[in-house]
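What follows is a set of notes on a single structure, which appears directly below.
The values are calculated or read from the model by the stated rules, or taken from the named source; none is laboratory data. Quick caveat: nothing in here was measured; it's all calculated off a predicted structure. Neighbour counts are summed over all protein chains in view; Cβ atoms, including those assigned to glycine, are modelled from backbone coordinates with ideal geometry.
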Amino acid sequence: MKFRTRVVVAAVLSASLVALLASLAAFYTTENSTLTSVDASLRINAVGSMSAEEEQMQNPPYEIVSSLGQVSPTGRFPADKLVIAIARGEQPAQFRTIYRGGQHFREYLIRYASNSESVCPFEVCHLTAQNTFVYLAPIDAQLTTNRQVLPTSLAIFIAGLLLALGVGLWLARRAVLPLEAVTNEIERIANSQNLQSRLTKGGNDELGRLRAAFNLLLGNVENSQQLQRQLVLDASHELRTPLTSLRTNAQVLSKASKLSREDLDQLTTDVVTQVDELSALVGDLAELARGDHSEGQVLAIDLEEVVDECLDTARTYARIKNITIESEVNSSVVMGRRDRLVRAVSNLLTNAIKFTPENGQIRVTSAQGVVSVSDSGPGIAQEDRPFVFDRFWRSPSARALPGSGLGLAIVQQVATEFNGQVSVESDPELGGARMVLTLPTTSAD
C-alpha cells in the first residue's frame with residue numbers, strides 16, 4: 001500500500017470513528033435526557049404530588065404489589081420476580097423500562113414496609129403488609145422522538161466520511177510532496193554513483209532529520225570507499241617489493257648450477273624470508289579487511305589469560321635476542337573476541353621485541369582492562385607518534401627492519417572495535433616506547 005493511500009485511509013478511519021462516536025453520543029444523550037425527565041416525574045408522583053387529572057384517571061399511573069404477588073388497584077401489570085423481591089426488601093428501589101400490551105412504560109419501583117403509613121397517590125394510607133409501589137408512565141411518544149434523531153446522526157456520519165475523504169486527500173498530497181522530493185534526490189545520487197553529493201539540508205522536522213541521517217550515511221560510505229581504495233593502493237605498493245625480490249631470486253635460481261654452495265644457501269634463505277614476509281603481509285591485510293566489526297560473538301574474556309598466552313609465545317622469540325620479559329599480570333574481564341584480543345596483544349609484544357636490542361628488556365603489565373608493553377629500545381620520536389597507528393606507516397629507523405607497518409594499525413582497529421583505545425608514550429625507566437591498550441572492563445557475570 002502506498003504511503004499516500006495510507007494517509008487517506010488513516011484520515012478517513014479517524015474521522016469516521018469521530019463521527020460515529022458523535023452520532024452515538026447524541027443519540028444516547030437524548031435518550032438519557034428523556035428518561036431522566038420521566039424518572040423525575042415518577043419520583044414526584046411517589047411523594048403524592050400528582051395533578052388533578054391524574055387523580056381522576058380510571059387507570060391510575062401506579063400499581064401496588066404485595067410481597068405475595070397481589071396487584072391492586074387495577075391489576076393491569078402482573079407482578080414479576082423483581083417487583084416481589086423489592087416488596088420483600090431483597091432489592092433496592094429502582095427504575096426500569098418494560099414493554100406491555102404493545103406499549104413501552106417507564107416504571108419506578110419503591111418499597112413500603114408493613115405497619116407503616118405512607119403517602120399513597122390519592123390518600124394517606126396505612127400499609128398492613130410489605131408492598132412495592134409501581135409508578136408507571138408511557139414513553140412511546142418520547143421514544144419516537146428519540147428515533148427521529150437517528151436520521152440526523154446518520155447524516156452527520158455520512159458528512160463526516162465525506163469530509164474525512166477530502167481532508168485525507170489534501171493531507172496525503174501535502175505529506176507526500178516533501179517525501180517525493182527527498183526520494184528524487186536520493187535516486188539522483190544513486191544513479192550518478194557520486195558519493196560526494198549530498199541532500200539539501202532541511203529543517204528541524206522529521207524530514208530534516210532524514211536528510212541529515214542520509215547525508216551522514218553518504219559520508220560514512222564515502223570514507224569507507226576511500227579507505228578501501230587507499231588500502232588497495234598501499235597493499236599493491238607493499239606487495240610489489242617482495243614480489244620483485246622473489247622474481248629476481250627465482251631468475252637467479254635458474255642458474256643454480258653456476259652458484260657456489262654458500263651463495264645457493266644464502267639465496268634459499270632469502271627466498272624463505274621473503275615468502276614469510278609476504279605471508280605475514282597477506283595475513284595482516286586479511287586482518288585489516290575485517291574492518292572495525294569482525295565476525296563472531298562478543299564474550300566476557302579474562303584479559304589475564306589472553307596476555308599470559310601471548311607472553312608464552314613472545315618469550316620464545318625473545319630468547320633469540322636474549323631479551324628479558326618481565327610481567328605483572330592481574331585478572332580483569334573485558335568484552336571482546338578472543339582471537340582479536342590475542343592478535344592485538346601479540347602485535348604489541350612483537351613490535352617491542354623487534355625494536356628492543358639484544359640483551360634488552362621488556363616489561364608487561366595488565367590490570368583493570370589496561371595492557372602496557374614497555375621496551376628498552378630507541379623509543380618513538382615525538383613527531384612520529386601521531387602516525388604510529390596508521391596503515392603501512394614505518395619510521396625512518398624501522399624501514400630496514402622486516403615488517404609491513406600493519407601491526408599497530410591492527411591494534412588500533414581492535415581497540416576501536418571493542419570501545420577501547422591505544423596510545424604511545426615514553427617509558428621513563430626503560431627509556432624506550434610504552435604502548436598502552438585500554439579496554440572497558442565488565443563484571444565476571
Quiz prompt | Subset tally (residues that are in contact with a strand residue (DSSP E or B) (Cβ under 6 Å, 6 or more places away or on another chain) and surrounded by fewer than 16 Cβ atoms within 10 Å (Cβ to Cβ)) for segment 317-326 | solution = 2
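Here is a yes/no grid of residues against (1) modelled with pLDDT of 80 or more; (2) closer than 30 Å to residue 14 by Cβ; (3) touching a helix residue (DSSP H, G or I) at 6+ places or on another chain (Cβ under 8 Å):
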| residue | (1), (2), (3) |
| --- | --- |
| 165 | no, yes, yes |
| 202 | no, yes, yes |
| 206 | no, yes, no |
| 228 | no, no, no |
| 263 | no, no, no |
Quiz item: Quick one: what pairs do we get from segment 326-344, first residue assigned to a loop (DSSP other than H, G, I, E, B), second at pLDDT 90 or above and among the acidic types (Asp, Glu), C-beta under 7 Å, 6+ apart or different chains?
Solution: 330/304; 331/302; 331/304; 332/304
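Being of a type in the set (A, V, I, L, M) and at pLDDT 90 or above is the filter here; which residues of segment 305-321 pass it?
Quick first cut of segment 305-321, residues of a type in the set (A, V, I, L, M) only: 306-307, 311, 314, 318, 320.
Within segment 305-321, 306, 307, 311 qualify.
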Self-check item: Every pair of residues 6+ apart whose Cβ atoms lie under 7 Å, when the first sits in segment 208-229 and is within 16 Å of residue 183 (Cβ to Cβ) while the second is assigned to a helix (DSSP H, G or I)
Solution: 210/182; 211/182; 214/186
Quiz item: On the given criteria, is residue 113 surrounded by fewer than 14 Cβ atoms within 10 Å (Cβ to Cβ), closer than 22 Å to residue 44 by Cα and modelled with pLDDT under 80?
Solution: yes
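Based on what the data block shows, is residue 403 at pLDDT 85 or above and either assigned by TED's automatic domain parsing to the domain that holds residue 275 or at positive phi (or both)? Show your work before the answer.
Values: at pLDDT 85 or above: no; either assigned by TED's automatic domain parsing to the domain that holds residue 275 or at positive phi (or both): yes.
The answer is no for residue 403.
Every residue, every condition in (1) within 47 Å of the chain's Cα centre (by Cα); (2) more than 19 Å from residue 439 (Cβ to Cβ); (3) β-branched (Val, Ile, Thr); (4) buried (at least 21 other Cβ atoms within 10 Å of the Cβ), yes or no:
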residue: 304; (1), (2), (3), (4): yes, no, no, no
residue: 315; (1), (2), (3), (4): no, yes, no, no
residue: 328; (1), (2), (3), (4): yes, no, no, no
residue: 337; (1), (2), (3), (4): yes, no, no, no
residue: 347; (1), (2), (3), (4): yes, no, no, yes
residue: 383; (1), (2), (3), (4): yes, yes, no, no
Practice problem: Answer yes if at least one residue in segment 285-304 is in a helix (DSSP H, G or I), modelled with pLDDT under 80 and among the polar types (S, T, N, Q), and no otherwise. | Solution: no
Quiz item: Looking only at segment 17-40, which residues are surrounded by fewer than 16 Cβ atoms within 10 Å (Cβ to Cβ) and of a type in the set (Gly, Ala, Ser)?
Solution: 22, 25, 26, 33, 37, 40
Practice problem: Find all pairs meeting these conditions: Cβ atoms under 6 angstrom apart; at least six residues apart or on different chains; first residue within segment 411-426 and within 11 Å of residue 438 (Cα to Cα) and at pLDDT 90 or above; second residue in a helix (DSSP H, G or I) and not aliphatic (A, V, I, L, M). | Solution: 422/412
